[in-house]
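Remarks on the structure that follows.
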Amino acid sequence: MELVETITKAVEPALKDMGYDLVRVAIIGADIKTVQIMVERVDREDMTVDDCEKISQTASALLDVADPFSGRWVLEVSSPGIDRPLVKLADYERFVGQEAKVELLNDIDGRKRFKGVIKGVNGTTITIDFEGQEISFDFKDIAKAKLTFKDETLDNKKGKK
């Protein structure tokens with residue numbers, strides 16, 4: 001986690017200045033590390049290959065200077081896509097009314113995984129409609145979460161243009 005924070009601190013301010021929000025940083029691999037940087041445009045327009053290329057060049061230069069780890073590494077830049085991960089509390093506020101899959105660190109009534117519509121956020125408590133029942137949990141209790149792909153999501157996306 002410390003390495004992710006170091007990379008985030010190295011690239012996030014520049015990305016913000018360029019008009020992008022950092023969604024997530026992930027590091028995979030052992031011998032040759034792959035740094036995955038997921039970003040979206042601040043104006044919420046679709047990401048382009050040119051966007052990813054600009055971000056890649058900037059992030060690569062910043063990481064060369066920050067030198068967060070020794071050895072070889074590879075950089076991958078991507079947009080969040082339709083099944084966007086929900087990483088920050090603000091993501092849940094932004095996507096109220098959307099369906100999400102949420103996996104908790106601890107179970108609620110014997111269950112850790114829930115799929116339902118995000119109903120709202122109150123402080124750090126998130127409420128979803130799971131099979132007609134409202135389930136609430138604290139943001140810090142989430143192991144991972146993402147929006148789910150539905151045909152209506154794609155229809156809404158197409159209608160936006």
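Read-outs throughout are calculated quantities, based only on the coordinates presented, and are distinct from any laboratory measurement. What you see is a predicted model; the values in this text were computed from it and never measured. Positions of Cβ are backbone-derived with ideal geometry, glycine not excepted, and every protein chain shown enters the neighbour counts.
Listing for the model above:
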quantity	calculated
Tally of residues being on the phi > 0 side of the Ramachandran plot and either of a type in the set (Gly, Ala, Ser) or surrounded by 13 or more Cβ atoms within 10 Å (Cβ to Cβ) (or both) across the stretch 29-58	1
From the options 10, 26, 66, residue that is among the aliphatic types (A, V, I, L, M), in contact (Cβ under 8 Å) with a residue 12 or more places away in the chain and surrounded by 15 or more Cβ atoms within 10 Å (Cβ to Cβ)	10
Scan of the stretch 51-100 for residues that are assigned to a helix (DSSP H, G or I), over 17 Å from residue 144 (Cβ atoms), acidic (Asp, Glu) and within 20 Å of the chain's Cα centre (by Cα), ordered by number	51, 53, 93
